[in-house]
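Take a look at the structure set out below.
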Amino acid sequence: MSKVLMKGNEALGEAAVRAGCVHFFGYPITPQTEVPEYLVKRLREVGGTFVQAESEVASINMVMGAAGMGVRCMTSSSSPGISLMAEGMSYIAACELPCVVINMMRAGPGLGGILPAQSDYFQATRGHGHGDYQVIVLAPSSVQEAVDLTTLAFELSEKYRNPAMVCADGMIGQMMEPVEFPEEGAATPMPENDWSLGARDGRERRIVNSLYLSPEDLHRHNLKLKAKYDEIAANETRQEIYGTDDGYDVLVVAFGTMARICKTAIDEVRAEGLRVALFRPITLNPYPFGALRDAMDAIEGDGPVLDIEMSMGQMLYDVKLAAEGSRRIEFYGTAGGVVPSPDEVAEKIRGLMQGVQ
Amino acid sequence: MTATCTLTDCGAAPDVEYSMDDYAGPVARWCPGCGDHSVLSAAQRLLATHQMAPEKTVFVSGIGCSSRFPHYLRTYGFHGIHGRALPISTGVKLARPDLDVFAVMGDGDCCSIGAAHWIHAVRYNVNMVALLLDNNIYGLTKKQTSPTTPQGFPSNTQPRGSILPPMNPLSVTLGVTNASFVAQTADWAPQHLYATLDAAYRHRGFAFVRILQRCPIWTASLFRDAVQDPAKVEVLVHEKGIHDATTEAIHTNHLDHDPSDLNAARALAEEGGMRLGLFFHDPTNACYDETRRVPGYTPEDRIAILKRELDRHAV
């Protein structure tokens, strides 16, 4: 199939349809509103359901209801809307139901602004709501990758019966890029299972539930969830390493839109002879701790790690966890919807390199 | 079952016939005397009457005493989130329009934390039955004021008596444009309760049933008069309404009310009192699950649509 030029939000919607998603429940919020606006039309064409719910709280609960029926479903929102979905996410994870949630992050806190940010890293990776649960979090850095990761999000959410989030930002949602999709109809329908309420013939009673009043039972349930999260961490981490060909003295760590800007900056400084590499986590949860540590250990000499985010330093904590004190960690971040230019990032790298050399 | 063909029997398994027992789950652990037992029995009877396949029926609940409901039935169940039984049910019904969906809520669930969902569920008019088990109190958490607690009634959170006049769930529902079925019944009038559930189930659209429900622990006094003195209860009667001879014989106070008259229904609801019956019924309102449903496409149709769509974006 040839490439088409599409806006990120619309491409994401198309990717969901190609992944076999047939139910969408959402609420308008900038900068993700084109996702529902695209799907209202597309889902009609494929015989699916689109609902503009009365709130994000309702959206995530409608998703929970549909997910319990064993059908592929999703919602999408942006930062303040995701906060409202926190409760539902906890219950969906506890009930072990699969669904996909898109977050086109915008700047906070509070109402904040509508420009891109990465300040929901904690929210996405450290749980949104209460209880010991986790959500699979995938962070695309281009429209094409947003398409690919949306497909993957549906796969992983069903494989592990857990919510999966595509955590992008307003930049990716609003940008137009050439993009290629999987073939229409290639997605297999959700297989028959022993957990959903969607039976089409006589079967044993089932109940979707997250209440365990006996502490022993709840303990067992938590252990089961933990085993699942461990399995996800062991099998599903994904990352990209860039600019390592001839060794490197500094390692930049960034994700999503920021990583893409860092790539351009790294090209710029490498042309000047500075040896800088990029580590880009694609899965924010599970976080690729092992691969990042290996990349840090491969830095020549005692060169530092430079973590760059469109936040005041959230992934920074995971970078420090990966380093376990073995290396100096520097941080550069912007907030409020201010997106650093490649030149600004290059300047930061140059400044850092002066200290190294 | 082994299929054996004889002259009089083709060997196919006979249609399953469900009895009330087939719908019974584990023993209900509500307090003795709790009105919820009565609602559960009526629901089982309804299931048996309509021979609803257990796996084609979903009871969705929120939090509170009422939320135990799905656990005590052998149908499919969905023990959801406090206040969210209605959006969950909406999701269930839109994903699987062929299933029968019942949302069971308490007064905290529906009228407090889930009030926004309630208003919009009435608007959506999704084809389902919503049961409000209204005991006028937060029971499970042991006596806190709920939106329907009568003014002056003491609780652990408002010990000098409920500060505000109570919310009237019938008025609220009837005030929402697109309301299509609003009825009130009581747990201590089992025949009327069953007849109301039956009418609600037969209604095409969002059937809202407020069930006056005794809490023997915290609000027994609120319902005692009505339970002990049939004259305290008024029954709405009309040829288009809910008709139950037993109830009408016990409660001789009858009020003629045409349930197709919205203004009369609103006025009646606003007056309050222990009135049982069908306040409002309009079976012509559009159902969201039907208006949102679209015809299925063949793979060829889909490819054609897709090509047309992608042509717009081709570079």
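Computed over the range B:60-201, the percent of Cα pairs more than 26 Å apart is 22. Near the amide H of A:Val135, within less than 5 Å, lie the amide hydrogens of A:Gly127, all on another chain or at least 5 residues away, with H placed in the peptide plane.
Throw me the Rg/Rh for chain A, computed over C-alpha atoms with Kirkwood Rh, two decimals. Provide the component values of the computation, followed by the final result.
Numbers: Rg = 20.7 Å, Rh = 20.9 Å.
My calculation of the ratio gives 0.99.
Taking DSSP loops as anything outside H, G, I, E and B, show the longest stretch in chain B free of GluC sites (Glu not before Pro) there with at most 13 other beta carbons within 10 Å. Walk me through the numbers on the way to the answer.
Working: sites that count: B:Glu17, B:Glu239.
Answer from the scan: B:18-238.
Could you compute how fast chain B diffuses translationally, taking Rh as the Kirkwood radius over C-alpha pairs and applying Stokes-Einstein at 20 °C with viscosity 1.002 mPa s? Give it in µm² per second.
103
Which helices of chain A meet both criteria: a Cα extent of 24 Å or more along the helical axis and a mean Kyte-Doolittle score no lower than 0.0, with helices taken as whole DSSP H segments?
The answer, listed by residue number, is A:143-160.
Working ranking of peptides A:20-30, A:293-303 by packing, defined as the average number of other Cβ atoms within 10 Å per residue, highest first, is A:20-30, A:293-303.
Per-residue ellipticity at 222 nm computed for chain A from its helices equals -12500 deg cm²/dmol, with DSSP H segments shorter than 4 residues left out and the rest contributing -39,500 (n - 2.57). In summary, the aspartates and glutamates within cross-link reach of B:Lys56, defined as a Cα separation below 12 angstrom excluding same-chain residues under 8 places away, comprise A:Asp201, A:Glu204, B:Asp98, B:Asp100. Between B:Glu17 and B:Asp261, the distance separating the two model label sites (each 7 Å from Cα on the Cα→Cβ line) works out to 4.5 nm.
Site pair A:Ala186 and A:Glu240 shows an inter-label distance of 1.9 nm when each label is modelled 7 Å from Cα along Cα→Cβ. Ligands, DNA and RNA are left out, and with a 1.4 angstrom probe the accessible area of the protein assembly as shown is 39 Å² per residue. In this simple spin-label approximation, A:Glu204 and B:Glu290 carry label points 7 Å from Cα along the Cα→Cβ vector, and these lie 3.8 nm apart.
Which whole DSSP H helices in chain B pass both tests: a Cα extent of 24 Å or more along the axis and a mean Kyte-Doolittle value no lower than -1.0?
On the way: long enough: none.
Passing helices, by number: none.
Roughly what percent of Cα-Cα pairs across the protein assembly as shown reach past 45 Å? Please report the intermediate quantities before stating the final value.
Details: 67958 of 225456 pairs.
When all Cα pairs of the protein assembly as shown are counted, 30 percent exceed 45 Å.
Averaged over peptide B:47-59, the number of partner chain Cβ atoms lying within 10 Å of each residue's Cβ comes to 3. Inter-chain neighbour count for A:210-218: the average number of beta-carbon atoms from partner chains within 10 Å of each residue's beta-carbon is 1. Note on the range A:239-354: Cα convex hull, mean projected area over all directions, 6.4 nm². The phi-based Karplus calculation (6.51 cos²θ - 1.76 cosθ + 1.60; θ = phi - 60°) puts the 3J(HN,Hα) values of the range B:278-287 at 8, 7, 8, 8, 9, x, 8, 4, 5, 9 Hz, whole numbers, x for Gly and Pro.
Any of A:Lys7/A:Lys320; A:Lys159/A:Lys226; A:Lys7/A:Lys228; A:Lys320/A:Lys348; A:Lys159/B:Lys93 with alpha carbons more than 27 Å apart? Name them for me. Over 27 Å Cα-Cα: A:Lys7/A:Lys320; A:Lys7/A:Lys228. Expressed to the nearest 5 percent, the antiparallel share of DSSP beta bridges inside chain B is 20 percent.
What's the carbon and sulfur percent of the protein assembly as shown's accessible surface, probe 1.4 angstrom, rounded to a whole number? The nonpolar share, carbon plus sulfur, comes to 53 percent.
The values are calculated or read from the model by the stated rules, or taken from the named source; none is laboratory data. What you see is a predicted model; the values in this text were computed from it and never measured. Positions of Cβ are generated from backbone atoms using ideal geometry, with glycine treated the same way; all protein chains shown enter the neighbour counts. Heavy atoms of the whole protein, side chains included, go into the accessibility calculation; ligands, DNA and RNA do not. Shrake-Rupley method; radii C 1.70, N 1.55, O 1.52, S 1.80 Å.
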